[in-house]
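Below is one structure; the comments refer to it alone.
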Amino acid sequence: MAQWMSDSKANEILAEVQLNPEILADDSAFVVSIIQRAARFLISQVHLSRYPELAAGYSVSGANPSTDISSEANNELLVSIDDGQFYTIELTLGALTSGAAIAAEMQTQIRAVGVTSYKNATVTFADGLYTITSPTFGEFSHVAVSYNTESEDIALALKLSPDFGGTEWDGGTAMQEYDDIVVAIVQNWYNKVGAEGMKSFSVPGSGSYTAHDIDPMVHAFIMDNRRLEV
């Protein structure tokens, strides 16, 4: 199942949900799965691309990026953090024969730019993917990767930039009202809640609810916050 909010946010909501004595601590893993599904349901109804929470922007590579760029023809890529100008990042390629080494070198050279947003940027290689993360949080937190057309080798090899299969996510701002609605959906689990605009909604092993069963607070929130499709 796709993750629709961070683990830290899910655990934060779990703690609030479990203030309800009917929701037992022994069921934490199952309740977290319900929280994730409630988040997916809510953001699909209001047409957001992700759950609103305090988050840093990042750029993640596409699948199967290279882990050996030691013999690439050029050593440059362009990076912009927090919607600033693009800076040319030059890598020393000779020893870059592993994902960990490449990530470490990218981080070193990005931080060497010296501009505030770059000084504490992080680069990791995990689960086979490179991720460049802004050190700031909120809706203006952002990382973009680009390249010069005559020197695209590094961005292409590392699958960074949407042009080569990468993904770039803006940061997010926490919105307490969304948390409150997710809590309401989960806590009303056994009372059959639903949402305007859906014929039905269900979670395996639990039952289903329809538009006719909607909690008035959930209905009002969705109608007030629904946006154009994203």
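³J(HN,Hα) across region 35-46 via Karplus (A = 6.51, B = -1.76, C = 1.60, θ = phi - 60°), whole Hz, x for Gly/Pro?
My calculation for region 35-46 gives 4, 4, 5, 4, 5, 4, 4, 5, 5, 5, 6, 9 Hz in order.
Which value in nm describes the separation of the simple spin-label points at Ala112 and Ala73, placed 7 Å from the Cα toward the beta carbon?
2.4
Relative to a virtual label point 7 Å from the Cα of Asp127 in the Cα→beta-carbon direction, which members of region 166-181 show backbone nitrogen distances below 16 Å?
Under cut-off, by backbone N: 166-169.
7 Å from Cα along Cα→Cβ at both Gln176 and Asp7: what's the point-to-point distance in nm?
The answer from the label model is 2.8 nm.
Note down the nm distance, to one decimal, between modelled labels 7 Å out along Cα→Cβ at Lys119 and at Ser28.
3.8
If you take the beta carbon distance between Asp163 and Thr97 as r and set R0 to 22 Å, what does 1/(1 + (r/R0)^6) give as a FRET efficiency, to the nearest 0.05?
0.30
Estimate the FRET efficiency between Thr88 and Glu16 by the formula 1/(1 + (r/R0)^6), using the beta-carbon distance for r and 45 Å for R0, to the nearest 0.05.
Values: r = 46 Å, r/R0 = 1.03.
Efficiency at R0 = 45 Å is approximately 0.45.
Specify whether the C-alpha gyration tensor of region 91-184 places it in the rounded, prolate or oblate class, a ≥ b ≥ c being the square roots of the eigenvalues: rounded for a/c under 1.5, otherwise prolate if a/b is larger than b/c and oblate if not.
It comes out prolate by the Cα gyration axes.
Report ³J(HN,Hα) in whole Hz for each residue of region 134-140, in order, from the Karplus equation J = 6.51 cos²θ - 1.76 cosθ + 1.60 where θ = phi - 60°; Gly and Pro get x.
With coefficients 6.51, -1.76 and 1.60, one gets 5, x, 9, 10, x, 5, 9 Hz.
Taking the Cβ of Glu12 as the center, what net charge do the other residues with Cβ under 10 Å away carry, scoring Lys and Arg +1 and Asp and Glu -1?
-3
Quick note: the coordinates plus some simple rules give every number you see, no bench work behind them. Please read these numbers as outputs of a predicted model, since none were measured by experiment. Please note: Cβ atoms are built from the backbone with ideal geometry, for glycine as well, and neighbour counts cover all protein chains shown.
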